[in-house]
1. Taking Ala101 and the conditions (1) modelled with pLDDT of 95 or more; (2) out of contact with any Leu (no Cβ under 9 Å at 6 or more places or on another chain); (3) surrounded by 16 or more Cβ atoms within 10 Å (Cβ to Cβ), which numbered condition does it fall short on, given that it satisfies the others?
2. In the range 64-82, which residue that is of a type in the set (Gly, Ala, Ser) and touching a helix residue (DSSP H, G or I) at 6+ places or on another chain (Cβ under 8 Å) is surrounded by the most Cβ atoms within 10 Å (Cβ to Cβ)?
3. Give Ala94, Ala59, Ala43 a once-over and let me know the one that is among the aliphatic types (A, V, I, L, M) and not in a helix (DSSP H, G or I).
4. Consider Ala78 carefully, then state whether it is among the small types (Gly, Ala, Ser) and farther than 13 Å from Phe97 by Cβ.
5. Quick one: is Ala54 within 25 Å of Tyr8 (Cα to Cα), small (Gly, Ala, Ser) and either surrounded by fewer than 17 Cβ atoms within 10 Å (Cβ to Cβ) or over 14 Å from the mean Cα position of the chain (by Cα) (or both)?
6. Mind listing whichever residues of the range 1-23 are part of a strand (DSSP E or B) and not aliphatic (A, V, I, L, M)?
7. Residues of the range 1-35 being exposed (fewer than 14 other Cβ atoms within 10 Å of the Cβ) and more than 18 Å from Ala92 (Cα to Cα), which ones?
Amino acid sequence: MSLRFQCYRTTGNFFHWRLLSRNHRIVALAPGRYADAALARSAARLVREHAGTAVIELASERGAAWTWAMRVGGELVAISAHTYGRRIEALAAARRFRLGAAEARIEERIPLLGDNESRDSESRDGETREAGARETGTRDTGGRDTGGRDTGGRDTGTRHQAVGPERGSRRQ
């Protein structure tokens, strides 16, 4: 699949990683920011090492705007860069991520990206608070809905479903 992790610095002097496809499209993002490049690279390595086995959760805003998120040991380590109109599309994207991230290289160069180029990852920064069951309940994702808009901590009706590596091929 030929994906690659790119660690980068923003004008605010924070570091992030993102997973890029061969045609430079963003596939996945770091869920937060890091104080230095070494921490960003370490986080990208963690994602690469666990991509094949970690739990990937699918989330939806009332059945629309599906996203995926990867957790390792309960900690959020990667999020989808895009929203998907259908659950099956988000599931397919998560499967492509799982396969590609496991073999992706981590670039050595650390580019400086302006605020416009890093807006997606900046808008998704924040802590994740657990407020419901993993499989069927709702979960407040730090006051943000799946579109990255601030909801002031209100329950947005977001639905989450855990998709482990062994469950990825079953229809749910």
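1. With (1) modelled with pLDDT of 95 or more; (2) out of contact with any Leu (no Cβ under 9 Å at 6 or more places or on another chain); (3) surrounded by 16 or more Cβ atoms within 10 Å (Cβ to Cβ) applied to Ala101, the lone miss is (2).
2. Within the range 64-82, the subset of a type in the set (Gly, Ala, Ser) is 64-65, 69, 73-74, 78, 80-81.
With the extra rule that they be touching a helix residue (DSSP H, G or I) at 6+ places or on another chain (Cβ under 8 Å), the set shrinks to 78, 80-81.
Numbers: Ala78: 30, Ser80: 24, Ala81: 19.
Only one residue fits best here, namely Ala78.
3. Numbers: Ala94 fails: not in a helix (DSSP H, G or I); Ala43 fails: not in a helix (DSSP H, G or I).
Of the residues listed, the single one that is among the aliphatic types (A, V, I, L, M) and not in a helix (DSSP H, G or I) is Ala59.
4. On the way: among the small types (Gly, Ala, Ser): yes; farther than 13 Å from Phe97 by Cβ: no.
No, not satisfied.
5. Working: within 25 Å of Tyr8 (Cα to Cα): yes; small (Gly, Ala, Ser): yes; either surrounded by fewer than 17 Cβ atoms within 10 Å (Cβ to Cβ) or over 14 Å from the mean Cα position of the chain (by Cα) (or both): no.
It is false that Ala54 is within 25 Å of Tyr8 (Cα to Cα), small (Gly, Ala, Ser) and either surrounded by fewer than 17 Cβ atoms within 10 Å (Cβ to Cβ) or over 14 Å from the mean Cα position of the chain (by Cα) (or both).
6. Within the range 1-23, Arg4, Phe5, Gln6, Cys7, Tyr8, Arg9, Thr10, Phe15, His16, Trp17, Arg18 meet the criteria.
7. Keep residues of the range 1-35 that are exposed (fewer than 14 other Cβ atoms within 10 Å of the Cβ), which gives 1-2, 11-13, 22-25, 35.
Passing the criteria: Thr11, Gly12, Asn13, Asn23, His24, Ala35.
The values are calculated or read from the model by the stated rules, or taken from the named source; none is laboratory data. Bear in mind the structure is a predicted one, so any value in this text is a computation, not a measurement. Using ideal geometry, Cβ is built from the backbone for each residue, glycine included, and neighbour counts are taken over all protein chains shown.
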